[in-house]
Amino acid sequence: MSDQPRRPRNPGKPYRRPKKDPVRILAFEALRAVDERDAYANLVLPPLLRKAREKEGPEKFDARDAALATELVYGTLRRQGTYDAVIAECVDRPLREVDPPVLDVLSLGAHQLLGTRIPTHAAVSATVELARVVLGDGRAKFVNAVLRKIAQHDLDGWLERVAPPYDEDPEDHLAVVHSHPRWVVSALWDSLGGGRTGIEDLLRADNERPEVTLVARPGRATTDELLGEEAAVPGRWSPYAVRLSEGGEPGAIDAVRDGRAGVQDEGSQLVALALANAPLEGDDKRWLDGCAGPGGKAALLGALAAQRGAFLLASEKQPHRAGLVARALDGNPGPYQVIAADGTRPAWRPGSFDRVLVDVPCTGLGALRRRPEARWRRRPDDLDGFAPLQRGLLRGALESVRVGGVVGYATCSPHLAETRAVVADVLKQHPGAELLDARPLLPGVPDLGEGPDVQLWPHLHGTDAMYLALIRRTT
């Protein structure tokens with residue numbers, strides 16, 4: 001062997017190892033999982049953060065690290081459409097020709113530059129270092145060049161350049177400015193039925209980080225108990241709701257760990273409460289949750305039923321989701337049963353129940369605050385796939401309820417094709433059923449429209465955009 005030193009690969013410039021930034025690496029890994037595996041960030045991120053908190057040494061996360069990683073992931077996903085439009089102006093090829101991992105790094109950098117208070121030099125240097133770690137030096141140079149172009153303007157400056165004027169194309173303008181697919185903007189606007197102010201308020205609300213909302217399951221926990229937690233404040237509308245105003249970690253709360261309380265959006269709580277309190281004619285002994293997975297509404301209904309001595313049957317078609325329902329109901333103080341069954345082909349005798357809830361599968365356009373990536377995955381033709389199932393589940397619910405009993409049809413989507421159109425079509429086939437006015441069953445909640453059904457909104461009520469129609473079977 002020669003004693004001569006080896007020549008460096010790049011003579012004249014010593015090689016420097018890239019600095020590993022655990023927070024940004026974790027954020028990148030989460031975005032890749034969302035992109036490659038069609039995962040949801042709210043399912044991918046918590047285990048990654050938990051693992052990072054359990055590490056020892058410099059890679060161990062503290063609360064600030066976890067908060068930054070969460071903001072980078074959710075902020076990038078919420079503003080993906082806007083950032084794509086900006087990045088497209090700064091690269092020399094169509095975005096579809098940019099490798100997805102490179103685009104994820106660029107989007108993370110764009111969010112730091114345009115959507116956070118991170119100083120420009122820090123946002124660029126940190127993202128370039130990330131690119132060196134996960135992409136290599138060659139592509140890191142490309143990332144550096146693109147980010148320096150992005151850094152030449154702030155978000156408002158870029159929107160003036162990449163968004164068409166509102167007067168020329170209002171839907172496309174709103175789609176770019178508020179980072180929603182154009183078809184979603186159009187559908188939400190139709191559902192609102194209002195002017196520009198309403199739709200812009202809604203789209204902005206979709207891009208805000210939602211508060212964590214807890215439910216104190218009646219007879220098992222109280223709101224006073226939950227309000228003893230740090231940063232806990234009362235809910236706005238549900239008597240069982242408590243909000244964690246600064247985020248908070250639900251899993252650290254005893255009542256949540258014990259199943260006496262749970263994480264549940266206030267809109268979801270209101271739907272269950274409205275059905276439970278709807279006026280009935282006759283007995284009130286048997287309740288059905290016909291689409292019970294993953295179990296939040298079933299757990300609240302079960303607790304309410306227990307207070308009245310009523311039995312709850314929780315039915316869920318998918319066995320693994322039925323398992324989640326069973327876990328949510330474990331410890332319920334009253335009689336209940338969980339089964340895996342198809343609500344479109346009821347496994348029980350017709351007219352067996354006094355109250356029936358069907359919270360049907362849907363596009364999820366009402367929960368874009370919580371699942372921002374869903375807006376980019378859904379397509380208009382998804383509505384055609386859900387339509388037969390939604391109608392079949394509502395028909396099954398009407399078959400399952402007795403004469404004089406009440407059905408609640410709910411969906412976490414405000415799209416008219418998944419709400420009023422479904423109810424209207426099914427009621428045409430069932431003349432022996434009538435709509436009830438659901439609004440009095442949400443006492444104190446403003447802006448509920450002309451009825452008789454109810455549509456909740458993030459920008460008006462601080463909830464997911466839950467829809468509810470209450471139907472009484474008359475013959």
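Quick look at the values:
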| read-out | value |
| --- | --- |
| Residue list for segment 204-225, restricted to those being modelled with pLDDT of 95 or more and out of contact with any strand residue (DSSP E or B) (no Cβ under 8 Å at 6 or more places or on another chain) | R204, A205, D206, N207, P218, D224 |
| Output for segment 212-242, where each listed residue is in contact with a Ser or Thr (Cβ under 9 Å, 6 or more places away or on another chain), surrounded by 19 or more Cβ atoms within 10 Å (Cβ to Cβ) and in a loop (DSSP other than H, G, I, E, B) | G235, W237, S238, Y240 |
| Odd one out for R50 among (1) surrounded by fewer than 18 Cβ atoms within 10 Å (Cβ to Cβ); (2) outside any helix (DSSP H, G or I) | (2) |
| Residue match in segment 410-433 (condition: surrounded by 23 or more Cβ atoms within 10 Å (Cβ to Cβ) and within 21 Å of R286 (Cβ to Cβ)) | yes |
| Residues located in segment 300-312, provided they are buried (at least 20 other Cβ atoms within 10 Å of the Cβ) and either in contact with a His (Cβ under 6 Å, 6 or more places away or on another chain) or in a loop (DSSP other than H, G, I, E, B) (or both) | A310 |
| Enumeration of residues in segment 448-465 that are open to solvent by 10 Å² or more (accessible area, probe 1.4 Å), touching a strand residue (DSSP E or B) at 6+ places or on another chain (Cβ under 7 Å) and either at pLDDT 95 or above or within 11 Å of L202 (Cα to Cα) (or both) | L448, P452, D453, Q455 |
| Residue count for segment 340-359, restricted to those that are among the hydrophobic types (A, V, I, L, M, F, W, C), more than 17 Å from L300 (Cα to Cα) and touching an Asp or Glu at 6+ places or on another chain (Cβ under 9 Å) | 2 |
| Evaluation of S315 against (1) touching a Cys at 6+ places or on another chain (Cβ under 8 Å); (2) open to solvent by 10 Å² or more (accessible area, probe 1.4 Å); (3) within 15 Å of G408 (Cβ to Cβ) (one fails), failing number | (2) |
| Subset of segment 134-148 (residues that are hydrophobic (A, V, I, L, M, F, W, C) and closer than 20 Å to T120 by Cα) | A140, F142, V143, A145, V146, L147 |
| Selected residue (only one of A41, A88 is modelled with pLDDT of 90 or more, closer than 19 Å to A131 by Cα and of a type outside the set (D, E, K, R)) | A88 |
| Selection within segment 134-169 - among the small types (G, A, S) and part of a helix (DSSP H, G or I) | G138, A140, A145, G157 |
| Condition met for K297 (open to solvent by 20 Å² or more (accessible area, probe 1.4 Å), of a type in the set (K, R), in contact with a helix residue (DSSP H, G or I) (Cβ under 8 Å, 6 or more places away or on another chain) and within 27 Å of R345 (Cα to Cα)) | yes |
| Where G385 falls short, out of the listed (1) surrounded by fewer than 18 Cβ atoms within 10 Å (Cβ to Cβ); (2) over 22 Å from the mean Cα position of the chain (by Cα) | (2) |
| Lone qualifier among L188, L174, L202, L147 - being touching a residue at least 24 places away in the same chain (Cβ under 8 Å), open to solvent by less than 60 Å² (accessible area, probe 1.4 Å) and over 28 Å from the mean Cα position of the chain (by Cα) | L147 |
| Only listed residue being in contact (Cβ under 8 Å) with a residue 60 or more places away in the chain and surrounded by fewer than 17 Cβ atoms within 10 Å (Cβ to Cβ), chosen from V407, V403, V360, V445 | V403 |
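The values are calculated or read from the model by the stated rules, or taken from the named source; none is laboratory data. This is a predicted model, so every value here is computed, not measured. Please note: Cβ atoms are built from the backbone with ideal geometry, for glycine as well, and neighbour counts cover all protein chains shown. Only protein heavy atoms, including side chains, enter the accessible area calculation; ligands, DNA and RNA are left aside. Shrake-Rupley method; radii C 1.70, N 1.55, O 1.52, S 1.80 Å.
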